[in-house]
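Below is one structure; the comments refer to it alone.
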Amino acid sequence: MNALESNRYTSAWREFGRGIPRPSAVLVISAHWYVNVTAVTAMAQPRTIHDFFGFPAELLATNYPAPGSPQLATEVAELSKPVHVGLDLDSWGLDHGAWSVLVHVLPEADVPVVQLSINARRTFYEHFELGIRLAPLRERGVLILGSGNVVHNLRAIDWAAPGIGFDWAHRFNESIKSVVTENPERILDAPSHADFATAVPTPDHFIPLLYLAGLAYATGHPLRPLIDGYAMGSLSMASYTLDAAGLVWDTREGAAATVPDPRILPAEDSNI
């Protein structure tokens, strides 16, 4: 629903989009393309996928007509070797993990977008390492976007607590924040956290952050918070950037502080 709503999260994502140099393309690692292979969309015009049900017709009608980039898809496959990355010519497209964020970051949909699948058979270390391999893309202006949630437990949702995080959600979220903002490689220790099994009952929404931690490790720069907060007790809305100027929002409604970062690179990364 954030695709349609105007709130402090979407405001932060829009400020991020306005504050970065225009990307040459976008590579998205979305929690919603979680399959048993590693693949990248390689079609010239990816379709907008509505991979959900039970939501308003307006959301089902949302279209994000960004072009694809077969050239970028091929480059992703080359950089990933010896990991095999298949070129998807007609199967997938842009799922809501991609477009629900991009409608705010790049609302004109005029920048090429490709998606990289999350291979369910690979370990956390292998995902982290693949993030390191993809780091050279940033040197030519590719924005790499990880879309998921640090804490994502749908079975524990409390609809009566729209802006609240349970104690265990706070503990795990704060632990991950201290890791990725200081020593990104320590994210690989996350499964040993006492609240990991509750905060991450399935790995799909957590894995995109492993890619951004790999990028941060490759550059030697830690991630920085863009915005933090919680939803319905069991979801973390934390977002991070790498080498980006913009707004750092705290957990209070509407609270923000402008924090310039002099280390602007041709591309920036965010985990949503």
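The values are calculated or read from the model by the stated rules, or taken from the named source; none is laboratory data. All figures in this text were calculated on a predicted structure; none of them were measured in a lab. Virtual Cβ from ideal backbone geometry, glycine too; neighbours counted across all protein chains shown.
Residue-wise test of (1) of a type in the set (S, T, N, Q); (2) in contact (Cβ under 8 Å) with a residue 60 or more places away in the chain; (3) closer than 23 Å to ARG8 by Cβ; (4) in a loop (DSSP other than H, G, I, E, B).
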{"residue": "PRO136", "(1), (2), (3), (4)": "no, no, no, no"}
{"residue": "ASP189", "(1), (2), (3), (4)": "no, no, no, no"}
{"residue": "ALA194", "(1), (2), (3), (4)": "no, no, no, yes"}
{"residue": "THR198", "(1), (2), (3), (4)": "yes, no, no, no"}
{"residue": "PRO203", "(1), (2), (3), (4)": "no, yes, no, yes"}
{"residue": "LEU210", "(1), (2), (3), (4)": "no, yes, no, no"}
{"residue": "ALA218", "(1), (2), (3), (4)": "no, yes, no, no"}
{"residue": "HIS221", "(1), (2), (3), (4)": "no, no, no, yes"}
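Conditions tested, residue by residue: (1) modelled with pLDDT under 50; (2) in contact with a helix residue (DSSP H, G or I) (Cβ under 7 Å, 6 or more places away or on another chain); (3) surrounded by fewer than 18 Cβ atoms within 10 Å (Cβ to Cβ).
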position: HIS221; (1), (2), (3): no, no, yes
position: LEU226; (1), (2), (3): no, yes, no
position: TYR230; (1), (2), (3): no, yes, no
position: TRP249; (1), (2), (3): yes, yes, no
position: VAL259; (1), (2), (3): yes, no, yes
position: SER270; (1), (2), (3): yes, yes, no
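Per this entry, PRO56 is counted among residues that are on the phi < 0 side of the Ramachandran plot and modelled with pLDDT under 95. Would you confirm whether any residue within the stretch 62-72 is in contact with a His (Cβ under 8 Å, 6 or more places away or on another chain) and touching a residue at least 24 places away in the same chain (Cβ under 8 Å)? Checking the stretch 62-72: at least one residue is in contact with a His (Cβ under 8 Å, 6 or more places away or on another chain) and touching a residue at least 24 places away in the same chain (Cβ under 8 Å). Among the residues of the stretch 116-171, those that are in contact with a strand residue (DSSP E or B) (Cβ under 7 Å, 6 or more places away or on another chain) and β-branched (Val, Ile, Thr) comprise ILE118, VAL142, ILE144, VAL150, VAL151, ILE157, ILE164. A single entry from GLU15, GLU5 fulfils the requirement of being without any contact (Cβ under 8 Å) to a residue 60 or more places away in the chain and not hydroxyl-bearing (Ser, Thr, Tyr): GLU5.
Taking the criterion of being assigned to a loop (DSSP other than H, G, I, E, B) and either touching a residue at least 40 places away in the same chain (Cβ under 8 Å) or crowded, with 24+ Cβ neighbours inside 10 Å (or both), the residues of the stretch 173-187 that qualify are THR181, GLU182.
In the stretch 235-244, the condition of being at pLDDT below 95 and loosely packed, with under 15 Cβ neighbours inside 10 Å is met by no residue. For the criterion of being within 30 Å of GLU126 (Cβ to Cβ), out of contact with any Lys or Arg (no Cβ under 8 Å at 6 or more places or on another chain), of a type outside the set (Val, Ile, Thr) and surrounded by fewer than 16 Cβ atoms within 10 Å (Cβ to Cβ), ALA61 fails. Residue selection: PHE128 fails the criterion of being touching a Pro at 6+ places or on another chain (Cβ under 8 Å) and of a type in the set (Phe, Trp, Tyr). If you check VAL142, VAL114 for being in contact with a Gly (Cβ under 8 Å, 6 or more places away or on another chain) and modelled with pLDDT of 95 or more, only one passes: VAL114. The selection criterion, being in contact with a Ser or Thr (Cβ under 6 Å, 6 or more places away or on another chain) and surrounded by fewer than 23 Cβ atoms within 10 Å (Cβ to Cβ), holds for ALA3.
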